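Only one structure is covered here, and it is reproduced in the block below.
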Amino acid sequence: MNVLISPNAFKGTMGARGAGVIIQSFINRKYPLANTDLLPIADGGDGTCELLTEILGLEKKHVWALDPFGRPISCAYGWEEQAKKAFVDVSTASGIALLGNELLNPYVASSYGTGLLIRNAIDLGAEEIVLGLGGSATVDLGIGILAALGIEFLDENGRALIPFMPNFLFKIRHIQKSPHIPKVKFSCVCDVKNTFFGKRGAIPVFGPQKGILTSEFENYELECQTIVTKLFLKQKKLFKDLSGFGAAGGIALGLSAFFETDIEFGSQYFFETVKLESKVKWADVIITGEGRYDNQSAEGKACFELMQLARNHSKKIILVTSGREKGVEQFDKVLTLPDLDFTDPDYKIKSRENLQAILAKEFSLDCLS
């Protein structure tokens, strides 16, 4: 029997590969005659480009950048020399996970550090930047990235604004474009389809997790509308709010004013890039999983898309997840992990123990053959 092990990350507890190694090791012990193959998956969430770098065997470039609050941080991105293509995760330098339990401050947090990584890749000759949008700490319309790439933002007195200064975004009155702005294409990989503005936009849906209070929604959105108008007037372009512009605080939106920018919806892009379908055809059984499969999972998340692919090829598929949300019944079997106590300092260790325990208790290939 051929078994494909393709989990997504178990957000906050285990990476996709770490979870996959536990599952593969268990199957190899319990079913030594089974053929197993491990191919972790992602859908544009944080770590997507890191995983692509690993799977594709790309060179890692190590660079110093700045975190969301402007502090030095050591980062890495993937580099494909032949294609002159860099794979950069926004979460690497500008991720919300980097802030830990610190007080969130959306009026200071900037994507400038990600811009430094992109600038480094451009200096190497990059012609395309694959930008994973998941896990960002900012709602800055990608202004930080633009500032790192040679676009200057000025206050009402014509003085240059410095990234990470409080209320940087809302002090912008003028925009100056350097004649040396690089010519580069962006492929923005995301796991959500929200537009930037509106009731399902970046601010009401994702703003609270980045520190924007409900009482601030209206003013924050009005200020952003003013900035977007300035960005597109500067380039003499018409603005259209596209699906995916709500990801990562509007980074793709801001980039699209000055650069060729495509939005790639994560699962499809990832699956095609790593040639996952050929692995699905090989497999008799597929095992996937994520931290919690919920009603958002059916909107293009990796586990849902993998289940659809398995169905297309009449393959059995098992899901490992916590909770029993609607939609899990579409899988052939579900292994339900117990909820974690995230106040426990050892919750990450406990998450691995829970995965090992549920496999030992409930996993069987016999009922699927």
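At the listed q of 0.20 Å⁻¹, the Debye profile of segment 131-270, built from one uniform point per Cα, gives log10 I(q)/I(0) equal to -1.28. Looking at segment 252-301, the trypsin sites (Lys or Arg not before Pro) that sit in a DSSP loop and have at most 14 other Cβ atoms within 10 Å of their own Cβ are LYS275.
A straight line joining the Cα centroids of segment 259-283 and segment 80-139 runs 21 Å.
Based on alpha-carbon atoms, the Kirkwood radius and the radius of gyration of the chain give Rg/Rh equal to 1.00.
Show which lysines lie in cross-link reach of LYS185 when reach means a straight Cα distance below 21 angstrom and same-chain residues fewer than eight apart are skipped. In chain and number order, the partners are LYS60, LYS61, LYS84, LYS85, LYS177, LYS193, LYS234, LYS236, LYS237, LYS240. Projecting the Cα atoms of PRO32, GLN82, THR336 onto the dipole axis of the chain, where Lys and Arg carry +1 and Asp and Glu carry -1 at the beta carbon, places GLN82 farthest toward the positive end. Each Cα pair under 8 Å and six or more residues apart adds its sequence gap; the mean of these over the residue count of segment 78-182 is a relative contact order of 30 percent. Annotation: aspartates and glutamates with alpha-carbon distance below 18 angstrom to LYS275 (same-chain offsets under eight excluded): ASP37, ASP43, GLU50, GLU54, GLU80, GLU264, ASP284, GLU305. GNM on the chain, alpha-carbon springs under 10 angstrom: the most fluctuating residue among SER267, SER25, SER110 is SER25. Using DSSP, restrict attention to beta bridges with both residues in the chain and report what percent are antiparallel, rounded to the nearest 5. Of all bridge pairs located within the chain, approximately 35 percent are antiparallel. Taking the chain as the reference, fit the longest principal axis to its C-alpha atoms, fit the long axis of helix 347-362 to the helix C-alpha atoms, and give the angle between the two in degrees, 0 to 90, nearest 10. Between the helix axis and the principal axis of the chain, the angle is about 30 degrees. Which percent, nearest 5, of DSSP beta bridges in segment 1-150 are antiparallel? Looking only at bridges with both residues in segment 1-150, the antiparallel portion is about 60 percent.
Where only DSSP H runs of four or more residues are counted, the chain gives -9500 deg cm²/dmol as its mean residue ellipticity at 222 nm, each run worth -39500 (n - 2.57). In this structure segment 1-117 gives 41 Å² per residue of accessible area when probed at 1.4 Å with all protein chains present. Ellipsoid semi-axes for segment 182-230, based on the Cα gyration tensor and the rule √(5λ), read 23, 15, 10 Å when sorted largest first.
At a threshold of 8 angstrom on Cα-Cα distance, excluding pairs fewer than six apart, so keeping six or more, what relative contact order does segment 201-304 reach in percent? Can you show the working numbers first?
Values: 53 pairs, mean separation 21.2, N = 104.
This gives 20 percent for segment 201-304.
Computed from point charges on the beta carbon alone (+1 for Lys and Arg, -1 for Asp and Glu), the dipole magnitude for the chain about its Cα centre is near 420 Debye. Loop-resident GluC sites (Glu not before Pro) (DSSP state other than H, G, I, E or B) in segment 23-81 with no more than 11 further Cβ atoms inside 10 Å of their Cβ: GLU81.
Among ALA283, ALA65, ALA160, the largest mean-square fluctuation in a Gaussian network model of the chain (Cα springs under 10 Å) belongs to ALA160. Taking every Cα-Cα distance in segment 98-160 and sorting them into 5 Å bins from zero, the calculated P(r) comes out as 4, 15, 21, 24, 16, 12, 7, 1 percent.
How much of the accessible area of the chain, in percent, comes from carbon and sulfur atoms when a 1.4 Å probe is used?
Answer for the chain: carbon and sulfur cover 49 percent of the accessible area.
In this view, the solvent-accessible surface of SER278, computed with a 1.4 Å probe and all protein chains in place, comes to about 70 Å². Against the empirical 2.2 N^0.38 Å (N residues), segment 8-94 has a Cα radius of gyration ratio of 1.32.
Rg/Rh for segment 1-160: what does it come to with C-alpha atoms and Rh from Kirkwood? Computed over Cα atoms, the ratio is 1.08. Between PHE186 and ILE129, GLU260, THR261, ASP262, the built amide H atoms are under 5 Å apart, and every one of these is 5 or more places off in sequence or on another chain. Computed across segment 235-351, the Kirkwood hydrodynamic radius from all distinct Cα-Cα pairs reaches 16.9 Å. Accessible surface for segment 212-297, divided over its residues, is 47 Å² per residue with a 1.4 Å probe. Under the criterion of Cα pairs below 8 Å and six or more residues apart, the relative contact order for the chain equals 18 percent.
The values are calculated or read from the model by the stated rules, or taken from the named source; none is laboratory data. What you see is a predicted model; the values in this text were computed from it and never measured. Virtual Cβ from ideal backbone geometry, glycine too; neighbours counted across all protein chains shown. Side chains are part of the model used for accessible areas, which takes the heavy atoms of the whole protein and leaves out ligands, DNA and RNA. Shrake-Rupley method; radii C 1.70, N 1.55, O 1.52, S 1.80 Å.
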